[in-house]
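Written below as C-alpha cells is the structure these notes are about.
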Amino acid sequence: NAGKSSLVAALTAARPKVAEYPFTTLEPALGVAEHGNVTFVMVEVPGLIEGAHRGVGLGHEFLRHVERTRVLVHVLDGTEKDLVDRYLQVRREMELYGHGLAEKPEVVAVNKVDVPGVQARYAEVRDRLHGTVRAVHTISAAGRVGLTDLLESMVHALADERQEVPR
C-alpha cells in the first residue's frame, strides 16, 4: 500500500495527497498516464485492510472501485518485513469479496528501491509470486526509478486484457 499516491503523481498530472503515514488516501484519485502512443486512466484506491470483504474500513467502497479496473498494480513497501504476506492478505480480501477481482491481471511493484536493502528483496518477491502475477518490478515512486519498465508492463497487460474483453 505504501507509495500509491506517489506513483500516480509520478506517472500522471494528478496530484493526490502524499504523506508519510499509512492510509492517507480516503477516496480514489484519477490521473491520465501516457506511454508511447497509449493513454489510459490510472486510479489510486484507498488501502485495503483485513476484513474489507465484509465492509471493514473502507471495505466495499474500495472494492467497488477495484471492480471497474482492468489491470491491478499492487504497490508493495519494500522496507516492510512481510511485504509478500501483505500482498497475499490483499489477494485474500479480493477473493473473499468475489466479483471477479481475483481474476484480474496483476503487476507488482516493489517500492522504495532507493532505500538500502530493498533491491535484495526483489528476488524473494519474484520467486514467491512467480506464476501468480504478470510481472514484478522494483521502483521508487518518489525517486522516479523503474517507472518506464512498470509502465511498459501496465500497457502490455491492458492491451492483452482489452483483446480478451468482448466489446
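State in Å² the accessible area per residue of region 93-134; use a 1.4 Å probe, count heavy atoms of protein chains only, and round to the nearest integer.
Details: 2280 Å² over 42 residues.
Heavy-atom accessible area per residue stands at 54 Å².
For a test of the definition: using alpha carbon positions, the gyration tensor, and the 1.5 limit on a/c, classify region 85-161 as rounded, prolate or oblate. Oblate, since a/c reaches 1.5 and b/c is not below a/b. Rounded to the nearest 10 square angstrom, D149 shows an accessible area of 100 square angstrom against a 1.4 Å probe. Of the accessible area of region 62-167, computed with a 1.4 Å probe over protein heavy atoms only, carbon and sulfur atoms account for 48 percent.
The values are calculated or read from the model by the stated rules, or taken from the named source; none is laboratory data. No experiment lies behind these values; they were computed from the predicted model shown. Ligands, DNA and RNA are stripped out before the accessible areas are found, and what is left, the full protein with its side chains, is counted by its heavy atoms. Shrake-Rupley method; radii C 1.70, N 1.55, O 1.52, S 1.80 Å.
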